[in-house]
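What follows is a set of notes on a single structure, which appears directly below.
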Amino acid sequence: MIHEWINFIRQPETRPHIVFLSDYDMLLTEHLVQGVDVWINTPRRPWEASGTSGMKVLVNGGINLSELDGWWAEATRRKWGGRSGTAGAWRRSRLDAVEADHTLRPARAGGDPGVLYARRKRNSHRMVKRMRESMARLTPRFSANRTVREYTEQHYLPAAAAYHLRTANNGAIGRQMLDWQHSLDQKWAALHFGEVKVETRNEQHVFEVQVYLADLEPNAVRVELYADRIEGGALVRQEMKRVRQLAGASGGYIYSGAVSSARPPADYTARVIPHYDGVAIPLEDARILWQR
């Protein structure tokens, strides 16, 4: 790949405009991020793992112009940076051309000092203002300090507490969890849905769903109504309550749940997922049974 880049750079039309930096390391990065005005990053969405180079740049006062991927998809605001490409879905064959056009458009226009950087002295205050906005607003949110703190508080400490809980009393709770998983392994295939009824009243859709759990204990699963996210909204996961057992049906139950009637009933689907207190679902058990 490097050989192909070198051949490309050696072409007469490209040679005056490109510098290839070999042996890229932390020392070279330190000089780059301290001396750059605009940092252009062009990954192919969605393959940007994070975008830490852009985070280093903002700490040093540089302005980011990046693809809407990785951290920049979350961080970008027109007031303190630029974006290349589009957020819409494109076919791979067209995406490169479309996003290259978005990236190069400011350069073709001679640079937009209101968006990226000032070419003239009278506009330099805009550049400085953007640098200050970028550093003040983004550095606290996109830093190793925040990352380590949140990972520790939200993941590492809860994981350590869960480990101690499962290993206490010679692993009593851990063995119970294993028994639950073995029961799922043996009985999950027999789970199925029956009739579904929907009634709309008082601005709610009220669902009643027949669920057949065979020999599985009802507390071993969770039944819920699910609806995909729509534009401007959140996805819906509404737990359904077990209201009664079906007469004459071993392991058959009626579950009921109510959701907003702002969306049509067809948007919602009942599903069964594993459930056990203290077990992370779907991380530790990704089984799922859809009603349709």
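Which of the residues belonging to the range 10-59 are among the β-branched types (Val, Ile, Thr), within 19 Å of Asp96 (Cβ to Cβ) and surrounded by 14 or more Cβ atoms within 10 Å (Cβ to Cβ)? So that I can check it myself, show each step before the final result.
Of the range 10-59, the ones among the β-branched types (Val, Ile, Thr) are 14, 18-19, 29, 33, 36, 38, 40, 42, 52, 57, 59.
Next, only the ones that are within 19 Å of Asp96 (Cβ to Cβ) stay: 14, 18, 40, 42.
If the condition is that a residue be among the β-branched types (Val, Ile, Thr), within 19 Å of Asp96 (Cβ to Cβ) and surrounded by 14 or more Cβ atoms within 10 Å (Cβ to Cβ), then Ile40, Thr42 are the ones that fit.
Of all residues in the range 202-223, those that are under 19 Å from Trp180 (Cβ atoms) and in contact (Cβ under 8 Å) with a residue 60 or more places away in the chain have Cβ atoms under 9 Å from Cβ atoms of residues that are among the small types (Gly, Ala, Ser) and assigned to a strand (DSSP E or B), 6 or more apart or on another chain, in Val211/Gly194; Val211/Gly252; Val211/Ala270. In the range 14-33, the residues that are touching a residue at least 24 places away in the same chain (Cβ under 8 Å) reach residues that are polar (S, T, N, Q) with C-beta atoms within less than 9 angstrom, at least six apart or across chains, in these pairs: Thr29/Ser53; Val33/Ser53; Val33/Asn60.
Here Tyr226 passes the criteria (1) at pLDDT 90 or above; (2) within 22 Å of the chain's Cα centre (by Cα); (3) over 30 Å from Arg166 (Cβ atoms) except the one numbered (3). The residue list Glu199, Glu195, Glu217, Glu208 contains one member that is surrounded by fewer than 11 Cβ atoms within 10 Å (Cβ to Cβ) and of a type in the set (Asp, Glu), which is Glu195. Of all residues in the range 42-57, those satisfying the criterion of being modelled with pLDDT under 85 and within 18 Å of Met131 (Cα to Cα) are Thr52, Ser53.
Residues in the range 137-193 that are more than 31 Å from the chain's Cα centre (by Cα) and among the acidic types (Asp, Glu): Asp179 only. The residue that is modelled with the highest pLDDT, counting only those in the range 229-246 that are exposed (fewer than 11 other Cβ atoms within 10 Å of the Cβ) and over 16 Å from Glu217 (Cα atoms), is Leu235.
The values are calculated or read from the model by the stated rules, or taken from the named source; none is laboratory data. It should be emphasised that the depicted structure is a prediction, and the values quoted were computed from it without experimental measurement. Reconstructed Cβ throughout: ideal geometry from the backbone, glycine too, with neighbour counts over all protein chains shown.
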